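The values are calculated or read from the model by the stated rules, or taken from the named source; none is laboratory data. Remember, it's a predicted structure, so these values are computed and weren't measured experimentally. Here the Cβ positions follow ideal geometry from the backbone for every residue, glycine too, while neighbour counts run over all protein chains shown. The protein model used for the area step is the full one, side chains on, heavy atoms only, and it has no ligands, DNA or RNA in it. Shrake-Rupley method; radii C 1.70, N 1.55, O 1.52, S 1.80 Å.
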Amino acid sequence: IGIGIVVFIILTLVWVFLYVFEPAVFFSIKSMFVLCVIMLTVFMFSKAVIRIPELPYLIPLTPLAPVLAAILFSPRIGMIVAFAETLLVGTVTAFDPLYLLIGLTASLVAVYPTIGLRKRSQFLNICIFVAMVNFSVSFGYFSLLGHTLYEAFRAAVHCMFNGFVLWPCLFIGAWIFEHLFGITTDISLLELSDLNHPLLRRLV
């Protein structure tokens, strides 16, 4: 019940933001449904895997939701989803400072490379950014807690792994939402207008 109340409040804040700043998305039932599915899917995935102690640090993949929102809609929507998803995942991690700190910083940084994104191969750049942020923030966090440099470095390497797990999830997630809900992204349009496309070369 407690998690349900917190999730409802967070989603309500997102809806208010969209109503004020993104009315075109707010009044589109399909867009709102897609956003809710993205956020709740990452939330439920986090809730499931956080109970598996053998998995590496930060496996909840908080940045996945804001990056998908930025690709499918706009970077500004990705930003608000970054804050909301960090709080949502926080409900299943007991608001652990490490998860909150890295989840938010990695999510915000991951949205920036989506501006001007032209090819799916550039998804790797996003994952590299996330991996670098995870490593830097976690290394500083564990150092502040009094761990030795070796212990902090080892934990940071585990956290960095999260960025590379994000790569296949982005490919699969973007493809599913584009085809399942019929959303045409800027990436799809740019790929179709590529003069190196075999069909366009035949037409020329």
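Just a few scattered comments:
- Computed with a 1.4 Å probe over protein heavy atoms only, the accessible area of Phe83 comes to about 100 Å².
- Between Ser188, Val165, Val204, the Cα set farthest toward the positive side of the dipole of the stretch 144-204 (charges on each charged residue's Cβ, about the Cα centre) is that of Val204.
- Cβ charges +1 (Lys, Arg) and -1 (Asp, Glu), total dipole of the chain, debye: 340 debye
- Comparing Cys169, Cys127, Cys159 in a Gaussian network model of the chain, where Cα atoms under 10 Å apart are tied by springs, the biggest mean-square fluctuation is seen for Cys169.
- Principal-axis tilt of helix 97-111 within the chain, Cα atoms, nearest 10 degrees: 20 degrees
- The solvent-accessible area of His197, taken with every protein chain present and a 1.4 Å probe, is close to 70 Å².
- Scattering from the stretch 146-187 was approximated by placing one identical point on each alpha carbon and applying the Debye formula without solvent; log10 I(q)/I(0) at 0.22 1/Å stands at -0.73.
- In the elastic network of the chain, a GNM with C-alpha springs shorter than 10 Å, the most mobile of Ser28, Ser46, Ser74 is Ser28.
- The chain - Debye-derived log10 I(q)/I(0), Cα point model, q = 0.09, 0.12 Å⁻¹: -0.36, -0.62
- Tilt relative to the chain, helix 149-180 - C-alpha long axis, 0 to 90 degrees, to 10: 30 degrees
- Only one residue of Leu145, Leu117, Ala82 has its Cα farthest out toward the positive end of the dipole of the chain, where Lys and Arg carry +1 and Asp and Glu -1 on Cβ, and that residue is Leu117.
- The chain, helix-only ellipticity at 222 nm - DSSP H runs n ≥ 4, -39,500 (n - 2.57), divided by all residues, nearest 500: -24500 deg cm²/dmol
- Gaussian network model of the chain, springs between alpha carbon atoms under 10 Å - residue of Asp96, Asp194, Asp186 with greatest fluctuation: Asp194
- Based on Cα atoms of the stretch 59-121, Rg over Rh with Rh as the Kirkwood radius reads 1.00.
- The order of the peptides 66-73, 104-111 by mean Cβ neighbours within 10 Å, most packed first, is 66-73, 104-111.
- Normalised by the number of residues in the chain, the average gap of Cα pairs under 8 Å and 6 or more apart makes the relative contact order 20 percent.
- Dimensionless Rg over Rh [the stretch 1-98; C-alpha; Kirkwood]: 0.98
- Helix 75-90 axis versus longest C-alpha principal axis of the chain: approximately 30°, rounded to the nearest ten.
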